[in-house]
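In what follows, a single structure is set out as structure tokens and then discussed.
The values are calculated or read from the model by the stated rules, or taken from the named source; none is laboratory data. Note that the coordinates shown come from a computational prediction; the quantities given were computed from them, not determined experimentally. No Cβ is skipped: glycine too gets one built from the backbone with ideal geometry, and neighbour counts run over all protein chains shown. Remember, those area values only see protein heavy atoms, side chains included, never the ligands or the DNA or RNA. Shrake-Rupley method; radii C 1.70, N 1.55, O 1.52, S 1.80 Å.
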Amino acid sequence: METAEVIIHPKQKTRAPRWPFAILFAIACVVFVWYGMMYGHKSGWVTRFISVVLPVPAVVVNDDTITYRDLLVRTDTLLWLKGEDADREETFAQAINVLIEQALIEQIARDYDVEVTRDDKDAALLMLAGELDEDAFAEKIRDELDMSLRQFARVVVEPLALAQKLEIAIHEDEATQAEVQAKAEEARDKVLAGMSFSEAAALYSQDPSGAEGGDVGYITKATLPAGWDMLLTLPEEGVSGVIETEGEFVILKVAWLVGVGEDTQIRTQAIILKKKTLSEIVASRRETSDISYVVKNVDGL
């Protein structure tokens, strides 16, 4: 009986799978880039590439996310506006605050149902361009910021137009200005009840003239501030009602008159209360907002 020959193969080495190494390498890269972005807030090409590919969050404002790319673009824009000598670290921190305020403004705009139109954007762009036409301004933006005019409009022009339109809406909103108007009515009632106008001005006026009893000097028809037309109809020692102008509530008094007709000079006292502004509302909203900073080690935050 023949015995079958048994062939013994040399033991083969087991190959370790490569995918765990690839995963670990990828995780290390992510951690490295994340550390660079969040702690070192670098702005090199690697960080910029990652920020374009991935919407990495930098700050979260009431569930609205500001991405790291938004932050880099706004930093570049501010550096361009401030000039070559601007400090990047300081500008980086400033960019974060600017973007937080922008996010808050957008949230407040939704509350007031304010949206910007194409005309609003065109007006803001015209203001920024100054004497340059659109093509020349676009070339300037492209050369100095490496940004298209459309990108510049999204980053700078649209937020500016929204803030301008929202400021007007806030000034015109009766509910927002009710408290200030009530204070002005209270000041006038005190004057009518016997308090001297000078005392009331010192107590209520938010204008520097309040410290001088509301004395704003001589006013003529040619130098009449916008909205103060009622002053021309008051007699000497006459006191106006509460006048609402674009940004103020005003009470006027004619101290005395000099001259006649068009040349009349009116020595005027005024109690001036400023309307609530967008910046005040943003500051108030910020105090009650949930703001989470993903970026770290930034001075000024």
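For this structure, a couple of remarks:
- One residue from A169, A175, A163 being within 33 Å of the chain's Cα centre (by Cα), loosely packed, with under 15 Cβ neighbours inside 10 Å, within 30 Å of E115 (Cβ to Cβ) and not β-branched (V, I, T): A175
- Checking every residue in segment 92-109 against the condition of being part of a helix (DSSP H, G or I) and more than 17 Å from V282 (Cβ to Cβ) gives at least one match.
- Output for segment 191-224, where each listed residue is touching a Ser or Thr at 6+ places or on another chain (Cβ under 9 Å), open to solvent by 40 Å² or more (accessible area, probe 1.4 Å) and in a helix (DSSP H, G or I): A211, E212, K221
- For segment 95-135, a tally of residues being over 22 Å from L166 (Cα atoms) and surrounded by 12 or more Cβ atoms within 10 Å (Cβ to Cβ) returns 2.
- Check on V157, in contact with a Lys or Arg (Cβ under 8 Å, 6 or more places away or on another chain), within 16 Å of L81 (Cα to Cα) and crowded, with 17+ Cβ neighbours inside 10 Å: yes
- G227 falls short on exactly one of the conditions (1) closer than 22 Å to L79 by Cα; (2) surrounded by fewer than 18 Cβ atoms within 10 Å (Cβ to Cβ), and that condition is (1).
- Taken over segment 230-245, the criterion of being open to solvent by 100 Å² or more (accessible area, probe 1.4 Å) and in contact (Cβ under 8 Å) with a residue 60 or more places away in the chain is satisfied by E244 alone.
- Tabulated pairs, segment 141-162, first in a loop (DSSP other than H, G, I, E, B), second crowded, with 17+ Cβ neighbours inside 10 Å and among the charged types (D, E, K, R), C-beta under 9 angstrom, 6+ apart or interchain: D146/D76; M147/D76
- If you go through segment 110-140 and keep only what is in contact with a helix residue (DSSP H, G or I) (Cβ under 6 Å, 6 or more places away or on another chain) and outside any helix (DSSP H, G or I), you end up with Y112, V114, V116.
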